[in-house]
Every structure is written in C-alpha cells, then in structure tokens.
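Below: the structure, in structure tokens.
The values are calculated or read from the model by the stated rules, or taken from the named source; none is laboratory data. This is a predicted model, so every value here is computed, not measured. Glycine also receives a Cβ, built like all others from the backbone with ideal geometry; neighbour counts cover every protein chain displayed. Please note that ligands, DNA and RNA were not included when accessible areas were found on the heavy atoms of the full protein model with its side chains. Shrake-Rupley method; radii C 1.70, N 1.55, O 1.52, S 1.80 Å.
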Amino acid sequence: MDKFVGEYNKLVRDGIPGIARAEGLRPVTRTLNDDEYLTRLYEKNFEEAKEVQESGGDIGELGDQLEVIRAIAKAKGYRWADVVDAADVKRQQRGGFDEKTYLEEITE
C-alpha cells in the first residue's frame with residue numbers, strides 16, 4: 001500500500017480515488033474549474049506523450065494519451081467525430097506520416 005502514498009498534485013483518471021480507497025488509503029481530491037481543468041489536461045497530454053516515447057510506443061500508453069485527447073476535445077466542446085474529420089482534412093491537404101519523411105532544410 002505504501003507505494004501509492006505521496007503527494008501527486010496532478011490530474012488523474014476518475015477511478016483512481018476509488019482504487020486508493022479500496023486499498024485502505026485516503027485520497028484528498030478537489031474538482032477543478034473549467035480553466036484549470038483544461039490547463040491540467042494540456043499538462044497531462046505532455047506527460048502521456050513522454051510515457052509513450054519512454055515505453056517505445058506501448059499500446060497501453062498510446063491508449064492513455066488518446067483518452068487525454070478525447071477529454072481535451074470534450075472540454076473544448078468538440079464532438080469526437082469532428083476531431084477525426086479535422087485530422088482527415090489535414091491528412092488530405094498535407095498528407096500523413098506514412099512515408100517517414102524527415103525534412104532537413106528548405107533552401108532558395
């Protein structure tokens with residue numbers, strides 16, 4: 001149980017306090033206002049991106065980052081289908097990353 005004890009000061013998934021309580025621990029939480037929530041989601045996105053990189057692209061870590069992106073979209077009032085459509089438009093206009101193109105420079 002002691003491995004979970006400590007100061008966190010970060011946004012966590014909704015089920016984490018319940019998991020801590022089930023372990024006999026006492027989580028201290030608060031509900032964020034909308035502005036702080038969005039700020040913390042952006043921080044969480046960077047945290048999850050780092051974990052994706054450090055894990056070598058582990059599917060669970062990719063799923064965690066996707067969940068954060070879904071939450072950001074919802075907090076901004078976007079429908080998930082609209083986010084996917086926006087990605088598709090950008091892909092159509094500029095391509096994806098399938099060809100593994102690494103741009104070193106552009107000269108005159």
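Key figures
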item	result
Checklist (1) surrounded by 11 or more Cβ atoms within 10 Å (Cβ to Cβ); (2) farther than 23 Å from residue 8 by Cα applied to residue 77, failing item	(1)
Flag for residue 106 being surrounded by 11 or more Cβ atoms within 10 Å (Cβ to Cβ) and either in contact with a Gly (Cβ under 7 Å, 6 or more places away or on another chain) or at negative phi (or both)	no
Residues that are part of a helix (DSSP H, G or I) and acidic (Asp, Glu), drawn from region 75-102	82, 85, 88
Test: residue in region 19-36 that is within 17 Å of residue 64 (Cα to Cα) and within 17 Å of the chain's Cα centre (by Cα)	no
Where a residue in region 1-29 is modelled with pLDDT under 95 and its partner, wherever it lies, is in a loop (DSSP other than H, G, I, E, B) and charged (D, E, K, R), with Cβ under 7 Å and at least six apart	1/23; 4/23
Flag if residue 67 is open to solvent by 70 Å² or more (accessible area, probe 1.4 Å) and within 14 Å of the chain's Cα centre (by Cα)	yes
Test for residue 51: is it within 14 Å of the chain's Cα centre (by Cα), under 23 Å from residue 36 (Cβ atoms) and in contact (Cβ under 8 Å) with a residue 24 or more places away in the chain	no
Residue match in region 31-53 (condition: on the phi > 0 side of the Ramachandran plot and open to solvent by less than 90 Å² (accessible area, probe 1.4 Å))	no
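Residue-by-condition table, conditions (1) more than 30 Å from residue 84 (Cα to Cα); (2) part of a helix (DSSP H, G or I):
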| residue | (1), (2) |
| --- | --- |
| 10 | no, no |
| 17 | yes, yes |
| 26 | yes, no |
| 43 | no, yes |
| 48 | no, yes |
| 68 | no, yes |
